[in-house]
Amino acid sequence: MRNKEMRFTMFLLIPVVLVLVGYVLYPSIRTLWESFFYKGSIGVGNYKAFFSPESLSNLEALWNSVYISLLSVLCSALIGIPLAFIFNKYEFPGRSFFSSVAILPMVLPSLVGVMAFMFLYGESGLIPNAIKDLFGLEKVPFKIGGVSGILIVHAYTMYVYFYMTVSSTIRNIDPSLEEAAFNLGASRLTVFRKVTLPLLTPAIVGASLLVFMTSMASFSAPFLLAGGFRVLSLQIYFSKINGNMEMAATQSVILSIVSISFLLFMRWYQNRKDYRMQAKGIGAHRSEVKNLFVKWTMVAIGVIGVIVLLLPHATILVLSLVLDGTWTWQTYPSVFNFENYMLLFKDPAIWDPVRHSLTLAFIATLGNLVFGVITSYVLVKRKFIGKNLVDSMVMLPWALPATVVGMNLILAFNERSILTFGHILVGTFWILPLAYFIRHIPLVVRSTNAALEQLDDSLEEAARNLGAKWFYTFRRIVLPLVLPGVLSGTLLAFVEAVGEFPTSVLLYTLNNRPISIEIMNQLRMFNMGQAAAYGMIQISLIAIVLFISNKFFGVKAERSL
Amino acid sequence: MSSITLKHVTKKFNTFSAVKELNLEIKEGEFFTFLGPSGCGKTTTLRMIAGFYYPTIGTIHFGDKDMTRVAPEKRNTGMVFQNYALFPHMTVFENVAFGLKVRKCAKSEVITRVEEALRKVRLEQLIDRQVSQLSGGQQQRVALARALVIEPDILLLDEPLSNLDARLRDEMRAEILRLQREYRITTIYVTHDQVEALTMSDRIAVFNTGECQQVGTPKQIYDEPANDFVASFIGETNLLSIQLAREDDEKIYVRLENDETTEMVIPKDRSNTIKDTPSALSIRPEAVEVSTKELEGANCFQGTIEMVQFTGAAEHLFIKVGEQTIQALVLNNHLWSERKKGESVWIRFPGEYVWIIPNVLGEGAHEK
């Protein structure tokens with residue numbers, strides 16, 4: 001019956017909406033509400049304080065966040081776009097190896113990456129000191145820190161967004177489009193400017209958006225590298241630590257507004273034109289490089305690139321073998337063994353964070369899987385009024401910086417409510433899985449959406465026509481077919497949950513502190529080796545998950561970006 | 001097997017009416033075709049019978065059972081989709097067995113029935129293939145076997161041949177017809193291809209803009225179309241706007257719209273129109289008599305050759321008569337292909353092959 005169909009849609013939709021309203025929308029509104037409380041009364045006092053010319057610290061942080069983000073976009077684009085062109089347009093020795101290494105920054109959790117950069121290029125970093133000793137210099141020739149440090153870390157981790165989106169577009173451009181332009185008499189430069197570049201617009205816009213939002217939300221890099229330098233995401237953390245919840249809420253609101261405005265602007269820009277390819281042609285062919293000099297220059301660039309890209313991973317590996325307490329005043333570490341790893345198994349206090357991380361990520365990801373599949377099914381395959389609204393709620397956690405998500409949860413769940421079944425969640429084990437869950441809703445829903453949109457409606461109809469009930473159809477037809485898409489999103493969510501730092505640092509307690517927090521603690525105690533060993537564990541976990549998913553499910557996790 | 005009755009069926013999507021006030025009766029064991037251009041409502045009607053849409057108004061009965069709002073999985077219809085909708089993650093066997101497993105048949109029965117069905121569509125040797133390894137024609141056969149194996153009361157075919165090339169299409173047409181005759185199953189076939197409709201159907205319903213224009217046997221539809229839309233959609237025809245001049249007991253006399261002088265004489269039983277409504281004269285090209293010598297008597301016109309198209313078995317002549325271009329078709333007898341543009345010819349519209357019909361397409365629709 002028609003009503004039966006509608007009732008069934010409702011049956012699926014209501015839990016979805018309840019979760020979204022309760023755990024995504026309500027906490028955000030709670031933060032907004034909180035930001036209008038100023039010294040016990042309602043008003044815009046907090047905003048006045050934020051923008052007041054007397055204390056410039058907030059405005060300075062806002063300005064720094066914005067310009068660092070814009071510079072990050074620029075730096076990432078300058079690295080990622082040319083690389084994508086070189087690796088996808090030309091054929092030279094080692095090309096496919098270089099191109100697969102190029103996405104390695106993805107398997108480096110942000111905090112671990114920043115740590116590696118500190119040890120590599122910081123004041124007492126290995127590279128500057130090596131150069132100093134090699135050339136007998138008085139002082140280290142360079143060191144990173146403050147803005148330059150943040151920018152370099154950002155460029156290293158975020159150029160991948162440009163590299164991947166532009167690469168996939170280049171591969172999908174119908175070569176006949178460029179050939180048609182040549183045929184009409186256009187020069188190489190004209191073809192690039194008038195045909196290739198415009199077709200890349202969606203990729204470049206999309207990547208810019210990702211980099212900008214990730215930089216605005218970036219927490220680990222400024223946290224470890226900024227020194228006295230202020231950025232907004234960090235200011236929120238400090239306000240919270242100082243107990244000024246109203247100011248933390250206000251800063252959260254302003255950071256969110258900047259992020260979301262940029263998001264809306266980019267959406268608008270992208271929708272002005274239609275860039276879709278009319279027909280799907282054959283894939284682009286790579287031209288072989290004939291000129292020997294150019295060829296070997298490219299190989300050399302590739303090799304140097306690989307070294308630069310792998311140095312952070314290698315540094316973490318080396319550091320993890322250094323026994324704590326043996327590398328203090330020396331320039332270089334000298335004692336290497338597996339003690340840091342052995343301790344993991346000997347000392348339960350050191351093993352605990354690993355166990356916690358796995359448990360938390362598992363619970364959150366399981367939630368994401370179930371919720372994501374239902375939500376996506378309702379959004380893609382069912383008709384109901386208000387779909388855009390539900391879709392916006394799903395995407396909200398993506399637009400919100402991690403620190404803001406953390407603040408939202410603190411403000412919403414530090415009191416008893418129906419949503420928390422009468423408990424105070426803040427300060428308990430459950431607040432972290434909830435945070436990870438919320439953070440990764442968009443990721444899983446979006447990857448599932450993509451898979452479901454590929455699934456022709458007629459398959460489901462054919463099954464119904466042959467007598468299968470909805471659930472049987474869903475189990476036997478829909479689920480097996482969308483599983484690769486679902487898994488790619490879910491596994492990426494798991495990987496990110498294992499590496500998650502900003503929400504963890506705001507919400508962790510002693511009995512659920514994950515690896516990231518323990519890395520921070522070990523760094524504070526100058527136990528570099530132990531911190532690095534934790535980092536290696538994170539890297540290995542991520543690598544294993546990605547490897548398994550690629551090998552056994554044919555899943556390319558990076559597709560979900 | 002069962003008959004199907006549609007009463008006053010209307011389907012609206014928001015304000016757009018996809019199907020309007022449809023009344024149809026499809027007999028048991030009949031091969032019934034919905035024919036019409038795209039967007040005419042034929043697929044919508046089929047989907048209402050399958051249960052994927054529910055009518056906004058009206059009822060659908062299978063036999064005496066009211067099925068209007070029964071869920072699709074409870075209708076026991078077998079449907080073949082335009083894109084076949086084979087389950088890509090299953091083998092040929094698993095695809096065909098799907099409906100039987102849902103019906104909780106015993107394992108041994110599933111195997112024998114699937115093998116039987118695959119033998120009927122001549123695919124028994126491909127039983128363990130993945131469906132992606134099959135050619136278009138083979139996929140089509142799997143889809144047919146999958147629909148037939150559940151022994152449905154009604155077989156629904158939604159443009160099943162439109163994705164095949166011309167040769168395969170001929171072959172599958174025969175195949176479908178053979179299976180339908182063998183199972184004697186009530187079949188509804190949706191197509192926009194008039195040749196398929198004419199060659200396969202017991203009866204045809206012609207659709208346009210959501211309305212059923214005519215229901216009849218292929219011969220009725222071709223020889224006595226209900227109106228100018230049906231006449232022009234099925235086969236080639238010459239359509240001329242006319243006015244009724246006068247009538248007596250046996251004959252009617254009509255005048256071409258922009259020719260006040262010539263009167264044409266037509267037997268009364270060759271008219272399907274009511275006096276004083278806009279009317280058109282339809283005559284099939286093969287019924288037009290052509291001659292290089294002067295023709296005398298009623299319904300004769302002199303014209304000039306505009307073009308001669310050689311198609312192998314026949315020759316198409318385009319003859320200019322006044323402002324009109326008349327098409328005529330003659331079998332290839334080596335008489336016409338040498339004729340040049342501008343040569344004089346005479347044509348005659350034999351009264352018994354002329355068909356007078358209401359003009360529903362509107363004014364100016366027949367001027368070419």
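Within segment B:26-49, the residues that satisfy the criterion of being more than 17 Å from the chain's Cα centre (by Cα) and surrounded by fewer than 23 Cβ atoms within 10 Å (Cβ to Cβ) are B:Lys27, B:Glu28, B:Gly29, B:Arg47. Checked against (1) aromatic (Phe, Trp, Tyr); (2) touching a residue at least 60 places away in the same chain (Cβ under 8 Å); (3) over 26 Å from A:Met298 (Cα atoms), A:Phe85 meets all criteria but (3). Could you grab me the full set of residues in segment A:372-417 that are farther than 23 Å from A:Val253 by Cα and within 19 Å of the chain's Cα centre (by Cα)? Matches in segment A:372-417: A:Gly372 only.
Please work out if A:Gly125 is in contact (Cβ under 8 Å) with a residue 12 or more places away in the chain and within 30 Å of A:Asn291 (Cα to Cα). Taking the combined requirement at face value, the residue does not satisfy it.
If the condition is being β-branched (Val, Ile, Thr) and either in a loop (DSSP other than H, G, I, E, B) or facing chain A (nearest Cβ under 7 Å) (or both), then segment B:68-85 contributes B:Thr68, B:Val70, B:Thr77. Counting only helices (runs of 4 or more DSSP H) that sit completely within segment A:1-110, those holding 3 or more residues that are closer than 30 Å to A:Phe192 by Cα and touching a helix residue (DSSP H, G or I) at 6+ places or on another chain (Cβ under 7 Å) correspond to A:57-89, A:95-101. Taken as a whole, the condition of being among the polar types (S, T, N, Q) and surrounded by 17 or more Cβ atoms within 10 Å (Cβ to Cβ) does not apply to A:Ser57.
Residues in segment A:456-479 that are of a type outside the set (D, E, K, R) and touching a residue at least 24 places away in the same chain (Cβ under 8 Å) were compared, and the one that is nearest to the other protein chains (Cβ to nearest Cβ) is A:Trp470. Does A:Met118 satisfy the criteria of being touching a residue at least 24 places away in the same chain (Cβ under 8 Å), outside the structural domain of A:Gly499 (by TED's automatic domain parsing) and touching an Asp or Glu at 6+ places or on another chain (Cβ under 7 Å)? Spelling it out, it is not the case that A:Met118 is touching a residue at least 24 places away in the same chain (Cβ under 8 Å), outside the structural domain of A:Gly499 (by TED's automatic domain parsing) and touching an Asp or Glu at 6+ places or on another chain (Cβ under 7 Å).
Against the numbered list (1) of a type in the set (Gly, Ala, Ser); (2) surrounded by fewer than 22 Cβ atoms within 10 Å (Cβ to Cβ); (3) touching a helix residue (DSSP H, G or I) at 6+ places or on another chain (Cβ under 8 Å); (4) over 30 Å from B:Phe233 (Cβ atoms), B:Gly136 comes up short only at (4). Taken as a whole, the condition of being at negative phi, of a type in the set (S, T, N, Q) and within 24 Å of the chain's Cα centre (by Cα) applies to A:Ser28. When A:Val482 is tested against (1) out of contact with any Leu (no Cβ under 6 Å at 6 or more places or on another chain); (2) within 14 Å of chain B (Cβ to nearest Cβ); (3) β-branched (Val, Ile, Thr), just one condition goes unmet, and that condition is (1). Candidates in segment B:45-67 are the residues that are under 16 Å from B:Lys12 (Cα atoms) and touching a Pro at 6+ places or on another chain (Cβ under 8 Å); of these, the one that is farthest from the other protein chains (Cβ to nearest Cβ) is B:Met48. Of the helices (runs of 4 or more DSSP H) entirely within segment A:344-434, those holding at least 3 residues that are closer than 30 Å to A:Glu5 by Cβ occupy A:348-381, A:387-399.
Counting only strands (runs of 3 or more DSSP E) that sit wholly inside segment B:182-234, those with at least 2 residues that are among the hydroxyl-bearing types (Ser, Thr, Tyr) and within 22 Å of B:Glu28 (Cβ to Cβ) are B:186-191.
The values are calculated or read from the model by the stated rules, or taken from the named source; none is laboratory data. Remember, predicted model here, so these are calculated numbers, not experimental data. For neighbour counting, all protein chains shown are included, and Cβ atoms are generated from backbone atoms with ideal geometry for every residue, glycine included.
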